[in-house]
1. Name the single residue that is nearest to Lys82 (Cα to Cα) among those in the stretch 30-41 being out of contact with any helix residue (DSSP H, G or I) (no Cβ under 9 Å at 6 or more places or on another chain) and assigned to a strand (DSSP E or B).
2. Quick one: which helices (runs of 4 or more DSSP H) lie wholly within the stretch 42-121 and hold at least 1 residues that are farther than 23 Å from Asp32 by Cα and out of contact with any Leu (no Cβ under 9 Å at 6 or more places or on another chain)?
Amino acid sequence: MVQNEEIRKELSLLREDFESFREESMQQAQTDKITWLGTSTELAYLFEQLAYRGYIENPLAKDGEMNKTGLARAVWGHIAPKEIKEETFIIDLRGSRLSENSSFAKAINSIPSNSKQDKPK
């Protein structure tokens, strides 16, 4: 019985060490990212439009269409929206939830298509 109790204590200590390490790693990963101060919807709309206009390559689904989930995960790897969960951002990018009449959408929609996109290399 004493041996089982010692094993439990050791496992508990290992679990605490692991959780501490995991939290520190996640905090470090967040500080290495650009902090986005706008809404999740605006960020999603921005990257979707940049992809549509040929300024960034976007991952493609098997059917050749834009893989919005893949794009959202790639963006999430480099940008840390304040107080937004990754799942919320993915849903926002997949759903294009920003109104075309919003001032943000109007500003982004004034960006021309990338003229380099169609030129041969």
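Each value in this text was obtained by applying a stated rule to the coordinates, not by laboratory testing. This one's a predicted model, so the numbers in the text were calculated from it and none came from an experiment. Here the Cβ positions follow ideal geometry from the backbone for every residue, glycine too, while neighbour counts run over all protein chains shown.
1. Here the residue is Thr35.
2. 86-95, 103-109
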